[in-house]
Amino acid sequence: MDMNFSLAVPGEAPTIPLVRRVVGDVLRGLGAGEDCVGDLLIALSEACTNAVQHGRGDYEVAGLVDGDSCHLRIMDWGRGASEASLTSDRGDLAESGRGIRIMRALVDEVTIDPATDRGTIVHLRKRLTWRDGAVIRRLDRRLTHSAG
């Protein structure tokens, strides 16, 4: 069973905890393991922080839970990240620039699509683990049973 969700929020710092709360509640409600949820929410926070700092106005968060993976897409309408800003290493003590490294450490796949004058899209993908009795597992079984 696949589940899609999306949020369009103002590009302001107070929206970041709100986005974290909504996405966390969705994943926990489906029965995702707490370690997976925590990793995804930290990576999501980093991507949302970049959208707020570098975007122009609103940003969007879209999610897809399909099978055993969660895919998140964070899109802003800023100037687009430069290739140099995505690949440069500013060192461990730099005030900014660690977010991408943090995201890459916490999720299975990070893809960043910078588009000059069209914004930046960050794609995060993480394989999920499930708690015993996860809702999504019960729904999958029920749908498979009723289709068979």
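Can you tell me the length gained on complete extension of the stretch HIS71 to THR129, counting 0.36 nm per residue apart and subtracting the Cα distance? Before the final figure, lay out the partial values.
On the way: separation 58, 0.36 × 58 = 20.88 nm, distance 1.39 nm.
Additional length available on full extension: 19.5 nm.
I'd like the trypsin sites (Lys or Arg not before Pro) in region 1-35 restricted to DSSP loop residues with at most 11 other Cβ atoms within 10 Å, sorted by number. Each step should come with its number before you reach the end.
On the way: sites: ARG20, ARG21, ARG28; in loops: none.
Here no loop site has a sparse enough neighbourhood.
Between THR111 and ASP2, what is the label-point separation in nm under the 7 Å Cα-to-beta-carbon projection?
For the pair ASP2/THR111, the computed spacing is 1.4 nm.
Amide H neighbours of SER69 under 5 Å, counting only residues 5+ apart in sequence or on other chains, H built in-plane at 1.01 Å?
So SER69 has HN proximity to LEU128.
We did not get these values from a lab; they are worked out from the coordinates using the rules stated. Just so it is clear, the model here is predicted, and its values are computed rather than measured. So basically every Cβ, Gly included, is an ideal-geometry build from the backbone, and we count neighbours across all protein chains shown.
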